[in-house]
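Right, one structure below, let's go through it.
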Amino acid sequence: MAQQRRVQLSTQRPTSTVCVLGTELSLDVCGSAPAGAVSFHVQGTPGAKLHVVHEAQSVKLPSSVCRWPLGTRPEVLLAMDAPSQDVGDEKVRVSYFREGGGVPVGRAMLYLTCVEVSLDADVNRSGAVSRTLLDKATWTWGPEGHGAVLLVNCDRDDPGAAGPDNRDSAIRSYNGPAPAQSPLFPISPHPSFPLLTPFSPPDLKDMSQMVLRTRGPRTIFAGHRLLLHVDFSDADKVGVFYGGNSVALEEYKHVLGGSKLSYTVKPGRHHEESVFYVEGLAFPDVGFSGLVALHVTLLESPEKGLLETPIFTDTVVFRVAPWIMTPNTAAPLEVFVCSVDGNQEFVAAVGALAERAKCPLTVCPVPENRQDRWIQDEVEFGYVQAPHKTFPVVFDSPRDRGLKDFPVRSILGPDFGYVARQAPEGASSLDSFGNLEVSPPVTVRGKEYPLGRILVGSSFPRLGGRRMAKAVKDFLLAQRVQAPVELFSDWLRVGHVDEFLSFVPAPDRKGFRLLLASPSACYQLLKEKQEEGFGEAAMFQGLEKVPKPTINEILANEGLRKFNNYVQ
């Protein structure tokens, strides 16, 4: 339904107003009727499309009815279908009559100027901003859905910056050669994205475009103001930049977001489009669904000393793209490993395997890992994606041991983002990301999970059980697209899900297998070895400072057997 605005008329003096393309004006023909008038006649110039709503019937004008009775409280609706060439170039006249009178007892004249004001984004998710009939103020999921997508600008395009780009209010440019595509997620630029060129600053390419279109006589905007604004509740979730008609990096200014809730746009004399760049500042989380709304309002400037009157508002809703975790069944594109004292053979073996797989290897040396070898526990890789851009994002766990600075120092960079969550209540072993896995795409009881489901280890609800930090779990739940499943892992000393399950690729069925550790299978194997005469073989040989029970001793330990039966 079109936006509608009521316009008061006057028989004392002509009235002038603006009609925004795509909206309706409701003319107050009854309120301006002179005393004694019982009917009216309305007519307009060709550009003014008129309807009279009389006794619940809408009649297009002109019609066979010459005069309309005022007693039934009729309504006159007006719309225009093209921007005006000049101010006041379309007119509507309302003539009032007494009972049986042939001469009007009063006339109201309305001068109209039609302008187009439209705030547009990539609502149809094609990779390019275009006009659309879709509802820009709503957002729906799925391949048949609609709504613009926003990326959290969490990479670091300027290597000299202290942190990710979403922590400042500046446009960052990488002054070296163009950053190579990430080996984790090769990115193909969208061929139809029209306004970003190879010479655009990389920071702008991480942002979504929003275009304000204005058409009509430019002089009309001298008495009106175009205000771009953001809701107070969204101001810390989004940033907007504007460079006017310049392509120079230094001309781009931060105009919305943070403490800046509004910005007055001055339409150019020779330009009908103003291009803004929008960045996400925060991922979906508790209290933030991921939806942000940006508005443009046309304000009518009244006489001095009076408040401006809003006469039209257009709204675009963006959804901040979720952080999406990648399954380890995907083809390996980069391997990270820590080199610490005493594991040189292991690093060499991993390097040889990576070379066979033709996969780049990144070795984190001792000065960076500070003797912390558990890189799987420190970070998890994922990505963010919009129609115009995709880039990987590393999720930094709250464990914060020797590797705590490695993600920011060595992974965060151009087109490689960073996100972290802390555990104010104190991190437990279950906050390490060995306790965070994701399944491949799967269908469960008819419900599709095209991005898989996240798996985290937890405890049964009992006193003293360990759980993943609330901030981490809330973050994972808020992303929505990989609905997490909690598994019982607190029975393990370390308590990570990757200690007892792993997904591997398979050529048939669902395309993968879930490898699951089995205490029962282990007892069966030990029993077989005992029967083959290896009962006195000691376990854990080569390890220091740990007991080395024999197979016979393990099988004779009833307490251990009962616990493993429970675990199974």
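The values are calculated or read from the model by the stated rules, or taken from the named source; none is laboratory data. Keep in mind that this is a model prediction, so the values were computed, not measured. Don't worry about glycine lacking a Cβ; one is built from the backbone with ideal geometry, like all the others, and counts go over all protein chains shown. Areas reflect the complete protein model, heavy atoms only, side chains present, ligands, DNA and RNA absent. Shrake-Rupley method; radii C 1.70, N 1.55, O 1.52, S 1.80 Å.
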Can you name every residue in the stretch 79-134 that is of a type in the set (K, R) and in a loop (DSSP other than H, G, I, E, B)?
-> R98, R125, R131
Applying the selection to the stretch 362-378, what residues are more than 22 Å from L436 (Cα to Cα) and not β-branched (V, I, T)?
-> P365, P367, E368, R370, Q371
Out of all the residues in the stretch 352-362, which are surrounded by 14 or more Cβ atoms within 10 Å (Cβ to Cβ) and part of a helix (DSSP H, G or I)?
-> A354
Is at least one residue of the stretch 149-160 surrounded by 15 or more Cβ atoms within 10 Å (Cβ to Cβ) and at pLDDT below 90?
-> yes
Scan the stretch 139-148 and give yes if some residue there is part of a strand (DSSP E or B), modelled with pLDDT of 90 or more, over 30 Å from R13 (Cα atoms) and open to solvent by less than 20 Å² (accessible area, probe 1.4 Å), otherwise no.
-> yes
Please verify whether the stretch 163-173 includes one or more residues that are among the small types (G, A, S), crowded, with 21+ Cβ neighbours inside 10 Å and assigned to a loop (DSSP other than H, G, I, E, B).
-> no
Odd one out for G290, checked against (1) open to solvent by 40 Å² or more (accessible area, probe 1.4 Å); (2) of a type outside the set (A, V, I, L, M); (3) in contact (Cβ under 8 Å) with a residue 60 or more places away in the chain; (4) at positive phi = (1)
Would it be correct to say that Q12 is within 21 Å of P302 (Cα to Cα), open to solvent by 40 Å² or more (accessible area, probe 1.4 Å) and part of a loop (DSSP other than H, G, I, E, B)?
-> yes
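Where in the stretch 216-284 are the strands (runs of 3 or more DSSP E), entirely inside, with at least 2 residues that are over 19 Å from the mean Cα position of the chain (by Cα) and not hydrophobic (A, V, I, L, M, F, W, C)? Before you say what the answer is, go through the steps one by one.
Details: elements: 224-230, 238-242, 253-256, 262-265, 273-280.
Output list reads 224-230, 253-256, 262-265, 273-280.
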Of those in the stretch 304-339 that are among the aromatic types (F, W, Y) and open to solvent by less than 20 Å² (accessible area, probe 1.4 Å), the residue modelled with the lowest pLDDT is F312
Hey, among the residues in the stretch 259-287 that are at pLDDT 95 or above and open to solvent by less than 20 Å² (accessible area, probe 1.4 Å), which one's farthest from S169 (Cα to Cα)?
-> P284
Members of the stretch 404-415 found to be within 18 Å of E279 (Cα to Cα) and open to solvent by less than 20 Å² (accessible area, probe 1.4 Å), listed by number = L412, G413
Within the stretch 513-538, the residues that are exposed (fewer than 11 other Cβ atoms within 10 Å of the Cβ) and touching a helix residue (DSSP H, G or I) at 6+ places or on another chain (Cβ under 7 Å) are E536
Quick count over the stretch 23-45, residues being free of Cβ contacts under 8 Å to residues at least 40 places away in the same chain and more than 14 Å from A108 (Cβ to Cβ), is 1
Check S58 against each of (1) touching a residue at least 24 places away in the same chain (Cβ under 8 Å); (2) surrounded by fewer than 11 Cβ atoms within 10 Å (Cβ to Cβ); (3) part of a strand (DSSP E or B) and name the one condition it does not meet.
-> (1)
Filter result for Q344 (open to solvent by 50 Å² or more (accessible area, probe 1.4 Å) and either among the basic types (K, R) or touching a residue at least 12 places away in the same chain (Cβ under 8 Å) (or both)) | no
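Check whether at least one residue in the stretch 471-489 is over 30 Å from P284 (Cβ atoms) and of a type in the set (D, E, K, R), and report yes or no.
Looking for residues that are over 30 Å from P284 (Cβ atoms) and of a type in the set (D, E, K, R), one finds none in the stretch 471-489, hence no.
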Within the set of pairs 6+ apart or on separate chains, which have a first residue in the stretch 204-218 that is touching a residue at least 24 places away in the same chain (Cβ under 8 Å), a second that is open to solvent by 10 Å² or more (accessible area, probe 1.4 Å) and of a type in the set (K, R), and C-beta atoms under 6 Å apart?
-> R218/R269
Select from the stretch 363-403 the residues that are surrounded by fewer than 17 Cβ atoms within 10 Å (Cβ to Cβ) and without any contact (Cβ under 8 Å) to a residue 40 or more places away in the chain and list them in ascending order.
-> V363, P365, V366, P367, R370, Q371, D400, R401
Selection count, the stretch 507-539, where residues are part of a loop (DSSP other than H, G, I, E, B) and within 50 Å of the chain's Cα centre (by Cα) | 7
Would you please name the residue that is least open to solvent (accessible area, probe 1.4 Å), looking only at residues in the stretch 239-256 that are farther than 12 Å from Y277 by Cα and of a type outside the set (A, V, I, L, M, F, W, C)?
-> S246
For the stretch 37-48, does any single residue satisfy the condition of being over 30 Å from L133 (Cα atoms), of a type in the set (S, T, Y) and open to solvent by less than 30 Å² (accessible area, probe 1.4 Å)?
-> yes
Filter result for the condition that a residue is in contact with an Asp or Glu (Cβ under 7 Å, 6 or more places away or on another chain) and either β-branched (V, I, T) or modelled with pLDDT of 95 or more (or both), over F395, F381 = F395
